[in-house]
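A short reminder: the numbers here are calculations on the coordinates, not readings from a lab. Every value quoted in this text rests on a predicted model; they were computed, and no experiment measured them. Quick reminder, even Gly has a Cβ in these numbers, built from the backbone with ideal geometry, and neighbours come from all protein chains shown.
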Amino acid sequence: MRQRTIKVLAIILTTIILPGISVAYTSTTTKIDGNSIPTNAEVGVLTGKAFSDGPVLITRKDITLYDDNPTKIELPVFAATLGTKGAKMSSITVLDAFGKERGRLDTNVEVKSIASIAPSLDAAIRLADAPKDNRYEKLFETGYYTEVTVDLTELSLKPGDSQLFTIKAVFDYGEEKLEMSASTLVTIASLPSRPGWYGGDGHIHTSWSPDMIEETIAERATYAANNGFGWIIITDHEDGIENEWPNYVAQCDTAQSNEGIIVAPGAEIAVLNDKGHTLGYWLSMIANNVPSNQQYSQQDLIDEINNHNSPYSYTVIAHPYHSKVWGDWTATGFRAIELMSNQTRASSQTISKWFSLLNNGLASAINGQGFVVGIANSDCHFFMAPGEDGFTWAYVPSYSSSNRSYVWTAIKQGRVSACGNKDLGVFSINNVAQGSVINATSSTTLNFKLIQQPVTGRKCTRITVYENSETKAIKTITNPTTTETTFSIPAPSSDSFYVTKFEFTNVDGSNLAEVWANPIFVNR
């Protein structure tokens with residue numbers, strides 16, 4: 001059995017096994033040679049520590065691993081200074097709760113000032129969590145980013161355990177020696193399991209992207225395989241791939257073969273003047289390149305992607321109202337949109353647009369010509385793992401880890417559920433799967449089956465079934481007590497579609513996340 005390494009885009013960690021116990025985040029900043037004025041800040045998933053004009057350390061507040069027996073964690077660390085001068089970071093040490101060293105990196109590196117890019121700790125954290133910001137790439141080029149390997153073999157971690165990890169970094173800053181430490185809570189969980197359903201992430205960045213330094217395609221694939229994914233789509237920025245598309249595809253092929261899951265090559269391509277981003281799916285494997293970044297209008301770019309490997313290739317609108325906003329909704333021919341991108345809940349604007357697109361395309365969907373599918377992806381860069389705040393469950397009953405077409409087709413045909421976390425929510429009508437069309441008459445009864453399966457330590461709090469509009473709920477179930485819920489209604493009097501939203505939280509009611517199950521259509 002090969003040894004598994006968990007790439008945890010978390011940054012500062014050590015161990016204590018505390019099943020079911022809530023642990024407060026803590027941090028310390030100590031001036032070994034004198035007094036200190038520490039500064040702490042938290043934004044989103046990140047936390048940071050800094051001296052007022054000295055070293056800064058940015059980390060993750062918490063992380064969840066979906067592995068029944070993790071043996072290693074590679075912990076990323078970002079360091080810089082906020083003053084006018086740099087500092088030397090001599091070491092990073094990872095200790096468990098009992099003071100035992102679990103990992104160490106003797107860095108002995110000079111870390112530079114980021115004051116001209118992010119003049120405060122709060123600004124630095126916000127920028128580190130904003131990959132679409134034009135200064136993001138410069139931040140990581142200027143600061144120091146590394147990963148520390150932590151051995152977990154003695155800890156016997158299992159789903160349901162919560163672990164507290166601590167890291168210490170030592171800096172030489174002028175004549176002073178400074179030590180900074182922080183804590184991050186790590187939770188071990190299991191993904192839901194349901195026959196035919198495979199989870200994955202369709203928007204992942206690697207070191208091929210200009211705004212990434214670490215994380216190769218192979219490393220992303222290892223993380224996904226070790227965390228229970230069935231598939232991933234690597235979508236680096238086109239201006240990082242350019243004419244190296246054959247090599248890019250080859251690296252995906254190798255990672256897929258090594259890890260035993262689907263690792264499909266895709267690309268993120270920006271519209272002219274950056275007025276929106278697209279994802280190219282099911283592109284030609286034998287082409288020399290893909291459509292160029294910032295060279296096409298919205299409509300022309302959609303056409304270029306769709307023709308790249310016609311009739312298979314298709315276009316996804318990336319984060320349409322989040323980050324780079326989509327600039328032209330008169331453009332047609334795209335097959336999917338991201339309902340959530342690095343988000344656990346979809347915005348009302350995104351859902352309203354999705355329902356509008358579904359209604360406008362209802363006749364085409366009924367006629368078997370497809371519809372605009374809703375998916376969720378992480379758009380992961382630094383500090384993020386694949387599938388984090390954006391994950392898609394695909395129904396692939398004939399799944400094969402060597403045949404990408406099954407996953408490409410499942411997404412294209414809407415046999416998917418878009419998830420903010422990794423909770424599973426799916427439904428059927430008359431035993432027909434999502435993305436399908438049911439032919440009905442006035443005497444037809446529609447028998448719904450709603451299925452909810454949360455991640456370890458979470459629960460389903462609400463299920464809502466909508467008919468044709470996000471404002472027309474025909475059924476609401478609060479705090480379902482069984483995995484499956486059924487109900488029946490008469491068939492509608494005209495062509496219709498049904499969408500189901502599932503809501504999940506942690507057992508204590510925190511961390512609300514949505515699942516949007518794609519529509520089932522009824523032909524009258």
Counting every Cα pair in the stretch 42-148, what percent are over 21 Å apart? 39 percent
Amide H neighbours of Ala182 under 5 Å, counting only residues 5+ apart in sequence or on other chains, H built in-plane at 1.01 Å? Thr28, Ile167
Can you give the charge dipole size of the chain about its Cα centre, rounded to the nearest 20 debye, using +1 on the beta carbon of Lys and Arg and -1 on the beta carbon of Asp and Glu? 1500 debye
Taking 25 Å as the cut-off for C-alpha to C-alpha distance, list the pairs among Lys72/Lys501; Lys49/Lys112; Lys49/Lys138; Lys72/Lys168 that go past it. Lys72/Lys501
GluC sites (Glu not before Pro) restricted to the stretch 140-217 and DSSP loop, no more than 11 other C-beta within 10 Å: Glu154, Glu175
Semi-axis lengths, Å, the chain, gyration tensor of Cα atoms, sqrt of 5 times eigenvalues: 41, 26, 20
Residue span Asn288 to Asp274: 0.36 nm per residue of separation minus Cα-Cα distance leaves a gain in nm of 2.7 nm
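Which longest run of the chain has no exposed loop site in it, a site being chymotrypsin sites (Phe, Trp or Tyr not before Pro) in a DSSP loop with at most 15 other beta carbons within 10 Å, and the site itself not part of the run?
Numbers: sites that count: Tyr25, Phe98, Tyr312, Trp329.
In the chain, the maximal stretch lacking such sites is 99-311.
Once the Cβ-Cβ distance between Val109 and Ser469 is put in as r, and R0 is 41 Å, what FRET efficiency do you end up with, to the nearest 0.05?
Efficiency, rounded to the nearest 0.05: 0.15.
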Shape call, the stretch 367-516: gyration tensor on alpha carbons, a/c limit 1.5: oblate
How far is the Cα center of the stretch 357-396 from the Cα center of the stretch 486-500, in Å? 22 Å
What whole number of Å gives the distance from the Cα centroid of the stretch 452-485 to the Cα centroid of the stretch 279-324? 34 Å
Using Cα pairs closer than 8 Å and at least 6 residues apart in sequence, work out the relative contact order for the stretch 197-523, in percent. 15 percent
Estimated FRET transfer efficiency when R0 is 45 angstrom, pair Ser356-Glu101 (beta carbons, to 0.05): 0.20
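If r is the Cβ-Cβ distance from Ser348 to Lys138 and R0 is 35 Å, what FRET efficiency results, to the nearest 0.05?
Efficiency, rounded to the nearest 0.05: 0.55.
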Under the 7 Å Cα-to-Cβ spin-label approximation, Thr445 and Thr84 lie apart by a distance in nanometres of 8.1 nm
Ranked highest first by average number of other Cβ atoms within 10 Å, how do 471-477, 84-90 line up? 84-90, 471-477
If each residue of separation counts as 0.36 nm, what is the full-extension length gain between Asn243 and Ser398 once their alpha-carbon separation is subtracted? 52.4 nm
